[in-house]
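See structure below.
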Amino acid sequence: MIDFSNWDLLRNLLLATRWTIALSLTAFVGGALVGLLLTAMRLSGRSALQYVVRGYVELFQGTPLLMQLFLVFFGLSMLGIDISAWAAAAIALTCFTSAFLTEIWRGCIDTLPKGQWEASRCLGLSFTQTLTRVILPQAVRVALAPTIGFSVQVVKGTALASIIGFVELTKAGTMLNNATFEPFKIFAMVALIYFALCYPLSLASQKLEKKFNGAR
Amino acid sequence: MLNFSDLLPYTDLLLQGLGVTVLLTLYSTLGGVAIGTACAAGRHYGGKKTRWVIGSYVELIRNTPFIVQLFFIFFGLPAIGLKLTAWEAGLLAMLINLGAYSTEIIRAGLAATPKGQVEAARVLGLSSRQIFFRVILNPAFEKIYPALTSQCIIVMLGSAVVSQISVMDLTYAANLIQSRNFRSFEAYLVVAGMYLLLAILMRQVFEWVGRRVFRHRRTAA
């Protein structure tokens, strides 16, 4: 058995944390882009598109993230596409994130009075103009706090990528545990690193919520 | 290419797994909401120290992944002498997790009770116990019922992770099946479908219960 000092453990965990951060950022940015597309589809007024969006959201909110990961990982390789654990995790988490963000943003856009859409139409604004000039600037203010709040779920979700073999913080923790047999210490460290990543996001979300609630 | 007939011999295994998932969800929903109610009351009415302890518990759980909590309980606690079976560890992790989230949700409900109602109840001679359960808790639950029930569904979906410590839930059944017949995509697809149905069913049941429990209020309003 190799001896690991506490510093060795922490250093290795922090190195693996880079991958947790990279995966979180990829999933969040990808999820936000797909979510924007889905939100636009939902607002387009075409019922076929709205059904697709609703089905998509329902599907990803109604199944475990772990199943989504497995389905992407095993499904794509069954189609003959050789996919790495990183790519599978990034795709699955992007889908997961986009479904939740679409639902969050739906709530935010729905809080705006419908009359604004009608007023914009009367003034001769196109759909795109109404969306980008009238609705979005207001919706973004309302959406900021819950969106940042959801980013905590994304960071926590990346922990599941460890199960399909992607070496991020949680996987590094289990590997170090297998080498040192000090589960109490190692998983406590892992938990604290996640906490250090997530808590500032939670705080920011709470602060923003208070600020915008006060402003209204 | 897809071949679902290979799954048929494992129907029993899948149903057993489903049973375990349902049971875990049921226990953790009941226990988690009880923990949440107690902690929310503690955080709302307790002294500074109580509030701090409960606040730290809530934030610690809400800002760490469920799988790490699970590993800490299952692998970490035996190291300090607390040995748990996989089932116990899985259930404990779910209880602690839902307890923290429901504390936060229920607290929001408690905070939303207008002060005047409590004062009115006191004037009418209700005891503090009656005031808490009838005047504060009941309307609070009605307000936060949708948020609380969706959190229960989220915990059900999150329970898929307990398969990683060999609790024989639905996901464990899928893992076992695909390791035997190599039909991984089909197995996971079917199991994902079962989770989806379970989630939809849970929502229906919660809505039905909500309509029954809070009926008198709806008609009064």
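The values are calculated or read from the model by the stated rules, or taken from the named source; none is laboratory data. Bear in mind that the values here come from a model prediction, so they are computed numbers and not experimental data. Ideal geometry is used to build each Cβ from the backbone, glycine not excepted, and the neighbour counts take in all protein chains shown. Surface areas here come from the heavy atoms of the whole protein model, side chains and all, with no ligands, DNA or RNA. Shrake-Rupley method; radii C 1.70, N 1.55, O 1.52, S 1.80 Å.
What is the mean number of Cβ atoms from other protein chains located within 10 Å of the Cβ atom of each residue in peptide A:148-158, rounded to a whole number?
Details: counts 0, 0, 0, 0, 3, 3, 0, 3, 8, 3, 1.
Counting other chains' Cβ atoms within 10 Å and averaging over A:148-158 gives 2.
Please report, largest first and rounded to whole Å, the three semi-axes of the ellipsoid equivalent to the range B:104-221, where each semi-axis is the square root of five times an eigenvalue of the C-alpha gyration tensor.
Values: eigenvalues 383, 45, 17 Å².
One finds semi-axes of 44, 15, 9 Å for the range B:104-221.
Where does the charge balance sit around residue B:6 when Lys and Arg score +1, Asp and Glu -1, over other residues with C-beta under 12 Å from its C-beta? Please list the in-between numbers first.
Numbers: positive: B:180, B:183; negative: B:186.
It works out to a net charge of +1.
Using the Cα gyration tensor of the range A:149-213, with a ≥ b ≥ c the square roots of its eigenvalues, what is the shape: rounded (a/c below 1.5), prolate (a/b larger than b/c) or oblate (neither)? Intermediate results must be reported in sequence, preceding the final value.
On the way: a/c = 5.48, a/b = 2.24, b/c = 2.45.
Note, shape of the range A:149-213 comes out oblate.
Which whole number gives the average, over all residues in A:65-73, of C-beta atoms from other chains lying within 10 Å of the residue C-beta? Could you put the intermediate results ahead of the total?
Values: counts 4, 14, 13, 2, 2, 12, 6, 1, 3.
Taking all residues of A:65-73 together, the mean is 6.
How much FRET efficiency would the formula 1/(1 + (r/R0)^6) give for residue A:41 and residue A:3, where r is the Cβ-Cβ distance and R0 is 51 Å, rounded to 0.05? Don't skip to the end; give the middle numbers.
On the way: r = 56 Å, r/R0 = 1.10.
It comes out at approximately 0.35.
Test of understanding: what is the full-extension gain from residue B:127 to residue B:45, defined as 0.36 nm times their sequence separation minus their Cα-Cα distance?
Details: separation 82, 0.36 × 82 = 29.52 nm, distance 1.59 nm.
Full-extension gain reported as 27.9 nm.
Between A:73, A:60, A:187, which gets the highest mean-square fluctuation from a Gaussian network model of chain A, Cα cutoff 10 Å?
Most flexible of the set in this elastic network: A:187.
Which residue fluctuates most in the GNM of chain A (Cα springs below 10 Å): A:141, A:121, A:106?
Checking each option, the largest mean-square fluctuation is seen for A:121.
Could you work out the mean count of beta carbons from other protein chains within 10 Å of each residue's beta carbon in B:179-189?
Working: counts 0, 0, 0, 1, 2, 7, 9, 3, 2, 11, 5.
Across the residues of B:179-189, the mean count of other-chain Cβ atoms within 10 Å is 4.
Determine the equivalent ellipsoid of the range A:9-214 by diagonalising the alpha-carbon gyration tensor, then write out the semi-axes as square roots of 5 times the eigenvalues, largest first, rounded to whole Å. Write out the running numbers ahead of the final one.
Numbers: eigenvalues 275, 94, 25 Å².
After diagonalising the Cα gyration tensor, the semi-axes are 37, 22, 11 Å.
Kindly provide the GluC sites (Glu not before Pro) of the range A:39-141 that DSSP labels as loop, not H, G, I, E or B, and whose Cβ sees at most 10 other Cβ atoms within 10 Å.
Passing sites in the range A:39-141 do not exist.
Tell me the mean residue ellipticity at 222 nm calculated for the protein assembly as shown from its helices only (DSSP H runs of n ≥ 4, each -39500 (n - 2.57), averaged over every residue, nearest 500). Kindly include the intermediate steps, with their values, before the conclusion.
Details: 17 runs with 329 residues, N = 437.
Counting only the DSSP helices, I get -26000 deg cm²/dmol.
Residue A:184 to residue A:141: FRET efficiency via 1/(1 + (r/R0)^6), r the Cβ-Cβ distance, R0 51 Å, to the nearest 0.05?
Numbers: r = 44 Å, r/R0 = 0.87.
E(calc), rounded to 0.05, equals 0.70.
Please list log₁₀ I(q)/I(0) at q = 0.11, 0.21 Å⁻¹ for the range A:93-216, using the Debye equation with identical point scatterers on the alpha-carbon positions.
-0.56, -1.15
In vacuum, with every alpha carbon of the protein assembly as shown counted as one equal point scatterer, what does the Debye formula give for log10 I(q)/I(0) at q = 0.09, 0.10, 0.14 Å⁻¹? Two decimals, please.
Calculated log10 I(q)/I(0) at the listed q: -0.65, -0.80, -1.47.
How far is the Cα center of the range B:128-207 from the Cα center of the range B:1-75, in Å?
Cα centres, the range B:128-207 to the range B:1-75: 9 Å.
Output needed: percent of Cα pairs per 10 Å distance bin for the range A:1-83, bins running from 0 to the one holding the longest distance.
14, 25, 31, 18, 8, 3, 1
Once the whole set of protein chains is in place, how much accessible area is left on residue B:80, using a 1.4 Å probe, in Å² to the nearest 10?
Result for residue B:80: roughly 110 Å² accessible.
Hey, could you grab the Kirkwood Rh for the range B:1-147? Inverse mean 1/r over distinct alpha carbon pairs, Å, one decimal. List each step's numbers first, then the result.
Details: mean 1/r = 0.0558 Å⁻¹.
Answer for the range B:1-147: a Kirkwood hydrodynamic radius of 17.9 Å.
What's the angle, to the nearest 10 degrees (0 to 90), between helix B:184-213's Cα axis and the longest principal axis of chain B?
20 degrees
Pick from B:204, B:151, B:164 the residue whose mean-square fluctuation is largest in a GNM of chain B, springs joining Cα atoms under 10 Å.
Highest fluctuation of the listed residues: B:204.
With a length cut of 20 Å (Cα positions projected on each helix's long axis) and a Kyte-Doolittle mean of at least 0.0, go through chain A and give me the DSSP H helices that pass.
On the way: long enough: A:6-43 (53 Å, 1.09); A:47-62 (22 Å, 0.35); A:85-110 (37 Å, 1.07); A:136-157 (29 Å, 0.93); A:183-215 (47 Å, 0.69).
Taking the DSSP H segments of chain A (at least 20 Å long, mean hydropathy at least 0.0), we get A:6-43, A:47-62, A:85-110, A:136-157, A:183-215.
Which residues in the range A:61-94 place their backbone N less than 18 Å from a point set 7 Å from the Cα of residue A:22 along the Cα-to-Cβ direction?
A:83-94, by backbone N distance to the label point.
For residue B:196, what charge total do you get from the other residues with a beta carbon under 13 Å from its beta carbon, if Lys and Arg give +1 and Asp and Glu give -1? Kindly include the intermediate steps, with their values, before the conclusion.
Details: positive: B:203; negative: A:58.
Spelling it out: positives minus negatives among the neighbours equals 0.
Output the pairs from A:171/B:49; A:156/B:49; A:171/B:83; A:114/B:143 with a Cα-Cα distance over 27 Å in this structure; if there are none, say none.
Values: A:171/B:49 36 Å; A:156/B:49 29 Å; A:171/B:83 23 Å; A:114/B:143 25 Å.
Pairs exceeding 27 Å: A:171/B:49; A:156/B:49.
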